[in-house]
Amino acid sequence: MYILLFVVVLCGVWVISRRKGFKGNLPPTYPGCLPIIGHAHLLVGNGKRLWNLLEDIQRECLKNDGVMHFKIGPMSYYAICDPEDYFTVMGACLEKNYFYRKLLSVWVGDGLVTAPVTVWKKHQKLLYPAFGQQVVDGFIGVFNSQARTLVNNLARLTNMGPFEHLEYIGRVALEANLLTAFGLELNEKNIEKMEVYMRCFDDIRRIMIQRIQNVWMHNNFVYGWTELKKRQEKALKTLQTMNDEIIQQKRRAMKHRLGAGQTNKVGKRFKGFMDLVLELVEEGVLTDQEIRGEVDTMVLAGYDTSSTTAAYTCVLLGSYPDVQEKVYAELEEVFGNSDIDVEKHDLSKLVYLDAVLKEVGRLYPVTPIILRYVDKDVKLRNYTMPEGSNCAIFLSGVSRHKVWGADKDQFRPERWLENTVPENCNAYTGFSTGRRACIGRSYALTLMKITLVHILRNYRIKADHRQLVLTLELFLKPAEGCKISLEPRQIKRE
């Protein structure tokens, strides 16, 4: 049965490829392209194999002046690692690629990450105020409290040798999301729900990447017969049920507040995420279904990316003791030898820590690849991408292009303070650039900085980044070797 379905799909792909093929001044094609299926056979495997493949495409792309060509079935892709072409594409191509629309949208609907341009423009304009700096500044107290919780949770692991720290950072980041973006209480019931949410979240992320890697599963009819589809439906049902519970819980809290005679004394510019979207629903601007999509998108982009980047930062600081001590010296200069909270005015003083985060984002972008659909002819430096093609922007490749200099593969935060960063590389590709760049940048950076301040004031980190093995599960995640050891520092308690 499966063999027959696979043959049918291949025949369909061949017919489509005959109709949709295009001619043009194609860049060099990545080796291994087969008739009909292109490079699709190279995708098969697990997330580690997929990332190894993409890294190899990236290396070949960088050898060929930053642009290459590859095919997934009938779809032609321009792999882009050239910084100038990167900026051109991010400004000209706003429409998301097939993978977002067909595969991810079943999970997050038309959220900001997956939405077609017409929907994205509307949602971004409506939701942008919830991520403004003044709103984020109102969360600083919560971020400090959660960072202290993390420090306490890590205390029992000091002097105990290497351990995996991502789950500890991820938990407090998700709790911070719960308290700030969703405005919910941090009680035992909500924490338990969020733990279930995290498990389903991780499961469906792995399911999605498995479907992407197995090209025959792109066909909905074929996919509907698989066990993977059953797992997806089960996880989605749990997530959607919990989304509805979060929304209803927040609605009840808002009604109770209004029933008690309390009113919102701030305008929409200063409302948190969930308060804002529920008000927009009441006004008939957003639907409940659109809220569910944005809630999943908020969790997808709000906690997972920031906690993973913070975990990579700990590993790199533990691997480069001289860099870690420079960060600690800066913390002593700003806070003295004390345990006081990080305040708004402190964040701008953490110049070296900011450079460290940028350098981590350059070398380990959690979203290493962005896929866009080319809806009009786009002129690159040396090629023209024709309408109907696709492009894969390798942020990890742009950040390792030769314009960064001979030390492009080295972890050197000082580059951000010496004015040696290429002008056309936009300082921090970790949050992308252009009109569809991440709107949660301020939220994520503030959360990460405060979390790292508390960790580094209390602990000295040891690690070895050479042990890191990476996997692509929608995001660039650690598969192995993401471990640190902690030694306590002496700090004056306030």
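The values are calculated or read from the model by the stated rules, or taken from the named source; none is laboratory data. Computed from a predicted structure; not experimentally measured. Every residue, glycine among them, receives a Cβ derived from its backbone with ideal geometry; neighbour counts consider all protein chains shown.
What the table below lists for this structure:
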| quantity | calculated |
| --- | --- |
| Helices (runs of 4 or more DSSP H) contained in region 285-339 and holding at least 2 residues surrounded by 17 or more Cβ atoms within 10 Å (Cβ to Cβ), at pLDDT 80 or above and among the charged types (D, E, K, R) | 321-335 |
| Residues of region 60-83 satisfying the condition of being within 23 Å of the chain's Cα centre (by Cα), closer than 18 Å to K402 by Cβ and not hydrophobic (A, V, I, L, M, F, W, C) | D82, P83 |
| Qualifying positions in region 384-400 - more than 15 Å from K63 (Cα to Cα) and either surrounded by fewer than 17 Cβ atoms within 10 Å (Cβ to Cβ) or out of contact with any strand residue (DSSP E or B) (no Cβ under 7 Å at 6 or more places or on another chain) (or both) | T384, P386, E387, G388 |
| Identity of the residue in region 472-494, among the aliphatic types (A, V, I, L, M), closer than 24 Å to S432 by Cα and modelled with pLDDT of 90 or more, that ends up farthest from the chain's Cα centre (by Cα) | A479 |
| R211 being at pLDDT 80 or above, out of contact with any helix residue (DSSP H, G or I) (no Cβ under 7 Å at 6 or more places or on another chain) and crowded, with 17+ Cβ neighbours inside 10 Å | no |
| Qualifying residue in region 172-186 (condition: without any contact (Cβ under 8 Å) to a residue 24 or more places away in the chain, surrounded by fewer than 22 Cβ atoms within 10 Å (Cβ to Cβ) and more than 16 Å from C438 (Cα to Cα)) | yes |
| Filter result for V403 (closer than 17 Å to C61 by Cβ, part of a helix (DSSP H, G or I) and either in contact with a strand residue (DSSP E or B) (Cβ under 6 Å, 6 or more places away or on another chain) or of a type in the set (V, I, T) (or both)) | yes |
| Residue in region 440-453 that is outside any helix (DSSP H, G or I) and of a type outside the set (D, E, K, R) present | yes |
| Residue within region 376-383 that is buried (at least 21 other Cβ atoms within 10 Å of the Cβ) and part of a loop (DSSP other than H, G, I, E, B) present | yes |
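Here's the yes/no breakdown for (1) farther than 30 Å from G272 by Cβ; (2) surrounded by 16 or more Cβ atoms within 10 Å (Cβ to Cβ); (3) touching a Pro at 6+ places or on another chain (Cβ under 7 Å):
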{"residue": "T158", "(1), (2), (3)": "yes, no, yes"}
{"residue": "I169", "(1), (2), (3)": "no, yes, no"}
{"residue": "M194", "(1), (2), (3)": "no, yes, no"}
{"residue": "M198", "(1), (2), (3)": "no, yes, no"}
{"residue": "T226", "(1), (2), (3)": "yes, yes, no"}
